[in-house]
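Okay, structure first, notes after.
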């Protein structure tokens, strides 16, 4: 036993097992909810729409910092608020978007630009939290994001790989909340680095590795027997699942070196583009939810320098993703979502920038049953106010949940016995679907 302890792996090895394995559990833990009546409040006595899943997986592209709507999906050319940005025609009849998104213009027949999003949160942390969870941030509870809700209701499609993965940061707003560690996403910083510390060290034989696992099991047996709780079992199970992944061929899903160079070039060399490519590989291997983050949208200064730079990365990554998914026959079963915490002010400030603006902004949906080539909602001439078809954050998230076939009306109880639903009281935009 002493010899085995002296040969223990380094901290990074243990860190991989502890962190990565949190995402590798299914829904075998004790249920955290019981079925109740339809959600109250705004839904009232209306029947919560239920449907068969229109999408199997979701790729969620998050524009961190507050994406400017007037310089992307809702341009206002020829106005003071629109600045120097021109609108260009797209492949969708009658739909125009910013000149900063020329590649996406050729893919607009595949999706829907939502131009009437509206939030009540104008600060970054609160806005990101609200967008990810549909609930206001509270000190007393942490709410789940859509990835956690998905694995909670539907489990994992691939029992070896995690149910959800977050690429490029932002995991603090995309966690499992009160649903527990078995629904936590696996977080990856650099998409090109693969899944770090997931292989047995070269100087450790397979027998030595197995012996250490058995030793750890013996050392923890007394504790597990004494505290025979769901949380204790979950902690033990995550080690088992992590080790299973380490020896599985499914680990190659994280390896971008398996992709041909022309495919890497299609997506772009930057981390966001390669993150989108990784997302395609993961959903191709039945990971249900993948989030890819692109930051840098907080353009208080030099908006017309920074926004085109951000748009260029978004344009290449998103357009490549849509093209790639379609060519592989995967777009119909994959919902692609573009979201951000709020928009930017139509008024251009003294630093040639745009400030925070939650009152009106834009998002985008494609694939997963969405009827392509359309826009939804409308802002006024200056982009200040929503004047048609306002979409709240819970409505937007309810639409995502509807596409995945999640039960919008089913109440789930937190450990403190407080009731919650997947998108609070949001109503899905069912007419966006074909």
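The values are calculated or read from the model by the stated rules, or taken from the named source; none is laboratory data. Please read all numbers here as calculations on a predicted model, not as lab measurements. Neighbour counts run over all protein chains shown; Cβ positions are idealised from the backbone, glycine included.
Among the candidates 329, 353, single out the residue that is over 21 Å from residue 277 (Cβ atoms) and surrounded by fewer than 24 Cβ atoms within 10 Å (Cβ to Cβ).
The unique qualifying residue is 353.
Here is a check on your reading of the model: is residue 393 in the same structural domain as residue 340 (by TED's automatic domain parsing), buried (at least 24 other Cβ atoms within 10 Å of the Cβ) and more than 19 Å from residue 110 (Cβ to Cβ)?
Considered against the rule, which asks whether it is in the same structural domain as residue 340 (by TED's automatic domain parsing), buried (at least 24 other Cβ atoms within 10 Å of the Cβ) and more than 19 Å from residue 110 (Cβ to Cβ), residue 393 comes out as yes.
Quick one: would you say residue 394 is outside any loop (DSSP other than H, G, I, E, B), touching a helix residue (DSSP H, G or I) at 6+ places or on another chain (Cβ under 9 Å) and modelled with pLDDT of 95 or more?
So residue 394 fits the description; yes.
Exactly one condition in (1) at pLDDT below 95; (2) surrounded by fewer than 18 Cβ atoms within 10 Å (Cβ to Cβ); (3) within 27 Å of residue 427 (Cβ to Cβ) is not met by residue 39; state its number.
Answer for residue 39: the failing condition is (2).
If you go through the stretch 74-105, how many residues are more than 15 Å from residue 346 (Cα to Cα) and either part of a strand (DSSP E or B) or touching a helix residue (DSSP H, G or I) at 6+ places or on another chain (Cβ under 7 Å) (or both)?
14
With (1) at pLDDT below 70; (2) over 26 Å from the mean Cα position of the chain (by Cα); (3) surrounded by 14 or more Cβ atoms within 10 Å (Cβ to Cβ) as the list, and residue 217 as the residue in question, which single condition is left unmet?
So residue 217 meets the others, but not (3).
Give the stretch 251-293 a look and list any residue that's touching a helix residue (DSSP H, G or I) at 6+ places or on another chain (Cβ under 6 Å) and closer than 15 Å to residue 323 by Cα, or say none.
266, 267, 268, 273, 274, 276, 277, 278, 280, 281
Among the residues of the stretch 61-87 satisfying the criterion of being in contact with a strand residue (DSSP E or B) (Cβ under 6 Å, 6 or more places away or on another chain) and without any contact (Cβ under 8 Å) to a residue 40 or more places away in the chain, which is surrounded by the fewest Cβ atoms within 10 Å (Cβ to Cβ)?
Ranking the qualifying residues of the stretch 61-87, first place goes to 77.
List pairs: first in the stretch 113-140 and in contact (Cβ under 8 Å) with a residue 24 or more places away in the chain and on the phi > 0 side of the Ramachandran plot, second part of a helix (DSSP H, G or I) and surrounded by 24 or more Cβ atoms within 10 Å (Cβ to Cβ), Cβ under 7 Å, 6+ apart or cross-chain?
134/393; 134/397
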